[in-house]
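The values are calculated or read from the model by the stated rules, or taken from the named source; none is laboratory data. These figures come from a predicted structure and were not determined experimentally. Note: ideal-geometry Cβ built from the backbone for every residue, glycine included; neighbour counts use all protein chains shown. Quick note on the areas: whole protein, heavy atoms, side chains included, nothing else; ligands and nucleic acids left out. Shrake-Rupley method; radii C 1.70, N 1.55, O 1.52, S 1.80 Å.
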Amino acid sequence: MNGTMAASSNRIMLGPLVAAIDQGTSSTRFLVFNAKTAELLSHHQVEIKQSFPKEGWVEEDPKEILQSVYECMDRTCEKLTQLNIDISNIKAIGVTNQRETTLVWDKETGEPLYNAIVWLDLRTQSTVERLINKTPGKNKNHLKHKTGLPISTYFSAVKLRWLMDNVEKVHEAVLSHRAMFGTVDSWLIWCLTGGKKGGVHCTDVTNASRTMLFNIHTMDWDPELCKYFDIPMEILPKVRSSSEIYGLMKSGPLTGVPISGCLGDQSAALVGQMCFKDGQAKNTYGTGCFLLKNVGTKPVMSDHGLLTTVAYKLGRDKPACYALEGSVAIAGAVVRWLKDNLGIIQTSTELEKLAADVGTSYGCYFVPAFSGLYAPYWEPSARGIICGLTQFTNRSHLAFAALEAVCFQTREILDAMNQDSGIHLSQLQVDGGMTSNRLLMQLQADILCIPVVKPSMPETTALGAAMAAGAAEGVSVWSLNPEDLTEVTSEKFEPQINPEESELRYARWKKAVQRAMNWETTEPVNNGDGRNTLYKCK
């Protein structure tokens, strides 16, 4: 009897809960937080399969993505019930997602018309070259004044253009006014709020700002940009703020719960790290690496290869805040590559041990430009390179070089940020899966020559989405007032090597990057045997 009493009184004490769907490149998670304490109560994770139909192509199955969300929700609700936590206390759901990944589906059947083209896919390289060649002065920054972005394979508009040009089903659906375009957030929200039976077709300002079709000043789709890419505006989702009720869950254990937060994953991490002040910055180490710095309510354009993006807009009547962003395509993905492609490790934790065994790369440098180079270079023709090898080099040195590569790429972005803002960052807040690697965190502090601060609860991306959902008008169970925000406990990594050593290694790394440049070009090359090949090495 007493046990039951205690359990029921425990239930009452928890107060409102908020959930988050965190749909990333390599996995989907569903997490439930206490709205008063920001404590993570339970979660479930499912890996997502990526397919590589051709070199440089990366796809995922939209139905598998959706199914993984339902599975994570169901399993998390089961776990909460086992913990004697009443799931009817879940008052809102936030969505955070891998950005730029592009989907088109049929609004009448609800079926995807092709696989999702993932953000780091390179198939649009020739489309990008064609677009840049038709700009005045062949300038990749031709649209930057409106979008904050260079013309690159990274963003959704060129992926959508490719789908319309190359997939018959997509082409037909567009002509017959049945096509719907969206990034992963739009696909999930549409499906979860009813799909073909009245699902809500929307996106938020942070995801919209990564398409190259959105004007970051007017905060809406831009007719001129749509015309430039020849994309009909009717297929685009409605743009909303990052924190408002979009619709209600239409099936599963959480039927009737509002979906009221939506942020692209990097913006969500910025919110989850409480970087609400101008000048605060965070770096997320996931499949890629993303450093965002809050620049306040006026967009700052970069002269050093960074992107200007919408950080968040936490409510319909609230101002939008902007961020400078440096994106690195390959961070955690390098670990996956060493595991799956080279087979030199079986698990990601093994990488840390291997690297720690030698404590140096012994002059070996690794530039993992598998998808070209993103910030600050925006060079899709670059390819991965490992250099400085000697007979002495072994897999441990390669493991160390791989970790260093993540840190050097972050350093390049931080340098660009410091130049753009004129303010030097005094410490870096970090989050994401790779931050569990303590050697990586120490290396990062050494290479940046500033402290690296890691929160004890690493799920800051999901937390940011939960905060946005819980704070939405009509939900209001989470306060975003600075004095109400829970103080996050964290661990600090101080730099331990002398700055000269750090600078020397960084200079060698930059030399390696130059070697990786302009490797692939799409000019047809005659092999001398009368046959043309598409790619050539310079």
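Which value at 222 nm does the chain reach when only helices count, each DSSP H run of 4 or more adding -39,500 (n - 2.57), with the total divided by all residues and rounded to the nearest 500 deg cm²/dmol? List each step's numbers first, then the result.
Values: 16 runs with 180 residues, N = 538.
One gets -10000 deg cm²/dmol as the mean residue ellipticity at 222 nm.
Suppose accessible area is computed on protein heavy atoms with a 1.4 Å probe; arrange Ile450, Ile245 from highest to lowest. Working shown, then result.
Details: Ile450 25, Ile245 55 Å².
I get Ile245, Ile450, largest accessible area first.
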In vacuo Debye sum over C-alpha of the chain, base-10 log of normalised intensity I(q)/I(0) at q = 0.13 Å⁻¹, listed in q order, is -1.35
In region 163-273 the accessible area split gives carbon plus sulfur, as whole percent at 1.4 Å, a share of 53
Rounded to the nearest 10 Å², the accessible area of Lys79 using a 1.4 Å probe with every protein chain kept is 60
Kirkwood-based Rg/Rh on the Cα set of region 434-510 evaluates to 1.18
As a percent rounded to 5, the proportion of antiparallel DSSP bridges among beta bridges in the chain is 75
Inter-part gap, Cα centre of region 182-207 to Cα centre of region 85-150, in whole angstrom, is 14
Once amide hydrogens are built 1.01 Å from N within the peptide plane, the residues lying 5 or more places from Asp204 or on another chain with amide H under 5 Å from its amide H are Arg240
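Please state, to two decimals, what the Cα-based radius of gyration of region 31-175 comes to when divided by 2.2 N^0.38 Å (N = residues).
1.37
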Heavy-atom accessible area with a 1.4 angstrom probe orders Lys146, Lys107, most exposed first, as Lys107, Lys146
Treating every alpha carbon of region 231-318 as one equal point scatterer without solvent, the Debye formula yields log10 I(q)/I(0) values at q = 0.13, 0.19, 0.24 Å⁻¹ of -0.58, -1.02, -1.22
Computed over region 222-295, protein heavy atoms only, probe 1.4 angstrom, the accessible area per residue in square angstrom equals 31
By the mean-Cβ-within-10 Å protection proxy, highest first, 123-132, 289-298 rank as 289-298, 123-132
Mean accessible area per residue over region 48-153 (1.4 angstrom probe, all protein chains present, square angstrom) is 40
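Can you list the equivalent-ellipsoid semi-axes of region 131-213, largest first and in whole Å, using the square root of 5 times each Cα gyration tensor eigenvalue?
Details: eigenvalues 152, 59, 14 Å².
Sorted largest first and rounded, they come to 28, 17, 8 Å.
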